[in-house]
Amino acid sequence: MASGFRLVFALSQLLVLLDLCQGSIVGICYGRNADDLPTPDKAAQLVQLHNIKYVRIYDSNIQVLKAFANTGVELMIGVPNSDLLPFSQFQTNADTWLKNSILPYYPATKITYITVGAEVTETTGNVSALVVPAMRNVLTALKKAGLNKKIKVSSTHSLGVLSRSFPPSAGAFSSSYASFLKPMLEFLAENQSPFMIDIYPYYAYRDSPSNVTLDYALFQASSEVIDPNTGLLYTNMFDAQIDAIYYALMALNFRTINIMVTETGWPSKGSPKETAATPDNAQTYNTNLIRHVINNTGTPAKPGQKVDTYLFSLFNENRKPGLESERNWGLFYPDQTSVYNLDFTGKNAMDMNTDANVTSSNGTTTWCIASSKASEADLQNALDWACGSGNVDCTPIQPSQPCFEPDNTVSHASYAFNVYYQQNGATDIACSFGGSGIKVDKNPSYDSCIYMTAGSNKTIASSNTTAISSTSSSATVKGVPAWIFTCFLVTFISFLFIS
């Protein structure tokens, strides 16, 4: 019996370790508080084109759920604050919602998280007491459907849930939220759900520039901030705010709850007094953040700890109230062109050395074609986008036209990729297509199928669309990250223990 118990225990620990070894992910928030956004189908196509694998929405809109069916994109969906009362009062309300709004679309639409309420401590009404009862009823509904192991339930919070956040080691939850937080944390620990937090260093800098430097907020600090209690050194505010949450959790003896960042980002435009809201700063923050997260750097208090993170947001949202910055957090304009270039691999375009981003150094003409390594599905998604939202004239690859033969996806995608590439400045970013495009310096034209160049009779577009390429946490980087080595080591030790 003892050996059997040890075997079961070791296997369970091994599964936990393997989960940790998967590394952190970067997703994106798809807010829809606007009246000029593309349809959900086009938004889903844009997400697929840029190879984004994780998306958060704030409700369970049927059109959005349908749009992401069979895409492989994992969705975090939400129960809005307005629904907390009925969900908390009666189990049947949660059961009915799951039956009508979720089950008809699952598992074709991959749903992995449900957020019950959002930043309730920031709302005017006293709804915080409703959150945990609503969470329990949603979990019960999932259990009835046999989905409680596949879909995690949690709730999102603002940093205002803390009474202290500096120094990080003094992080503490506000006592005014104690009656709400204690049962929530017990729920999260019992069900192995993450504590979800929305973190915005931008606001800390904007509201207190005399205490927070811009470089510190943008991950560019040349000096370090020292926590006087621990001696830990902090080079960016993101880490400091996350560690404040960790210490607040530990102060209440909740040491096993992981943290997930469900919103973070930087606005590209603001009101006159919001001088830091610029495209350059937004690009800098998000680029550095992505690199920091996917490399599993962790934080000073939790080195190597995974922190799944969602960028806010997919589009600018013109109906959001408040200062100008509130309407300008998007990576894309509603017409699906990019606000600024962003690479989800965590590398700058100039740093990249893959076949999709090789810049011709001698100034020769280059073309963009489909990569032979890309999957048929990825090529088709990219081709559909180029001929649709990408505004490429795909007439030449239609039947009886000069570039229709050979009639295959690689050939058709190559033609469309090149047109988009040339029309958008012939930049590395314009040839990425989520990793499906590669640049070549040999003219791919054949017979009467002529591949255009930037100097041909096509007008070069004035805006570039960001080609976002997601990466798993095992993305190639120089050297082997310490967390990978650690995972292999502890996994090996676990196998020894089992034997």
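Take Ala189 and decide whether it is closer than 30 Å to Leu139 by Cβ and at pLDDT 95 or above. It is true that Ala189 is closer than 30 Å to Leu139 by Cβ and at pLDDT 95 or above. Go through (1) among the polar types (S, T, N, Q); (2) open to solvent by 20 Å² or more (accessible area, probe 1.4 Å); (3) in contact with a strand residue (DSSP E or B) (Cβ under 7 Å, 6 or more places away or on another chain); (4) at pLDDT 95 or above one by one and return the number of the condition Thr121 breaks. Just one mismatch for Thr121, condition (4).
For the residues Tyr451, Tyr420, the requirement of being more than 30 Å from Gly298 (Cα to Cα), modelled with pLDDT of 85 or more and either among the small types (Gly, Ala, Ser) or assigned to a helix (DSSP H, G or I) (or both) singles out Tyr420. Report yes if Ser176 is free of Cβ contacts under 8 Å to residues at least 40 places away in the same chain, open to solvent by 40 Å² or more (accessible area, probe 1.4 Å) and in contact with an Asp or Glu (Cβ under 8 Å, 6 or more places away or on another chain), otherwise no. No; evaluated as a whole, the condition is false for this residue. Please tell me if Ala244 is of a type in the set (A, V, I, L, M, F, W, C), outside any loop (DSSP other than H, G, I, E, B) and in contact with a helix residue (DSSP H, G or I) (Cβ under 8 Å, 6 or more places away or on another chain). The answer is yes for Ala244. Name the single residue, out of those in region 40-60 being of a type in the set (Val, Ile, Thr) and modelled with pLDDT of 95 or more, that is nearest to Gly72 (Cα to Cα). Selected residue: Val55. Taking the stated definitions as given, is Pro267 assigned to a loop (DSSP other than H, G, I, E, B), open to solvent by 10 Å² or more (accessible area, probe 1.4 Å) and not small (Gly, Ala, Ser)? So Pro267 does not fit the description; no.
Annotation note: Cβ proximity below 6 Å between a residue of region 38-50 that is farther than 22 Å from Ala374 by Cα and a residue that is assigned to a helix (DSSP H, G or I) (sequence gap 6+ or interchain) occurs for Pro40/Gln63; Pro40/Val64; Pro40/Ala67; Asp41/Ala67. A search for C-beta distances below 7 Å between a residue of region 131-151 that is under 13 Å from Asn93 (Cβ atoms) and any residue that is assigned to a helix (DSSP H, G or I) and acidic (Asp, Glu), counting only pairs 6+ apart in sequence or on different chains, returns Ala141/Asp95.
Residues that are of a type in the set (Gly, Ala, Ser) and within 28 Å of the chain's Cα centre (by Cα) were ranked within region 164-176; the one that is farthest from Met237 (Cα to Cα) is Ala172. Collect the residues in region 388-417 that are under 20 Å from Lys42 (Cα atoms), surrounded by fewer than 18 Cβ atoms within 10 Å (Cβ to Cβ) and modelled with pLDDT of 90 or more, keeping them in residue-number order. Listed by number, the list holds a single entry, Asp393.
Scanning region 426-448 for residues that are closer than 19 Å to Val47 by Cβ and part of a loop (DSSP other than H, G, I, E, B) yields Ser432, Ser436. Flag not set for Glu274, criterion: part of a helix (DSSP H, G or I) and either buried (at least 22 other Cβ atoms within 10 Å of the Cβ) or over 17 Å from the mean Cα position of the chain (by Cα) (or both).
Considering (1) open to solvent by less than 20 Å² (accessible area, probe 1.4 Å); (2) over 23 Å from the mean Cα position of the chain (by Cα), the lone condition that Gly231 does not fulfil carries the number (1). Would you confirm, using the coordinates I've provided, whether Tyr113 is among the aromatic types (Phe, Trp, Tyr), in a loop (DSSP other than H, G, I, E, B), out of contact with any Leu (no Cβ under 7 Å at 6 or more places or on another chain) and open to solvent by 40 Å² or more (accessible area, probe 1.4 Å)? The answer is no for Tyr113.
If you check Arg327 against the conditions, is it charged (D, E, K, R), open to solvent by 30 Å² or more (accessible area, probe 1.4 Å) and modelled with pLDDT under 95? Explain how you work it out, then say what you get.
Numbers: charged (D, E, K, R): yes; open to solvent by 30 Å² or more (accessible area, probe 1.4 Å): yes; modelled with pLDDT under 95: no.
Judged against the criteria, Arg327 is not a match.
The values are calculated or read from the model by the stated rules, or taken from the named source; none is laboratory data. These numbers come from a predicted model, not from an experiment. Counting neighbours? That spans all protein chains shown, and the Cβs are built from the backbone with ideal geometry, glycine included. For accessibility, only protein heavy atoms count, side chains too; no ligands or nucleic acids. Shrake-Rupley method; radii C 1.70, N 1.55, O 1.52, S 1.80 Å.
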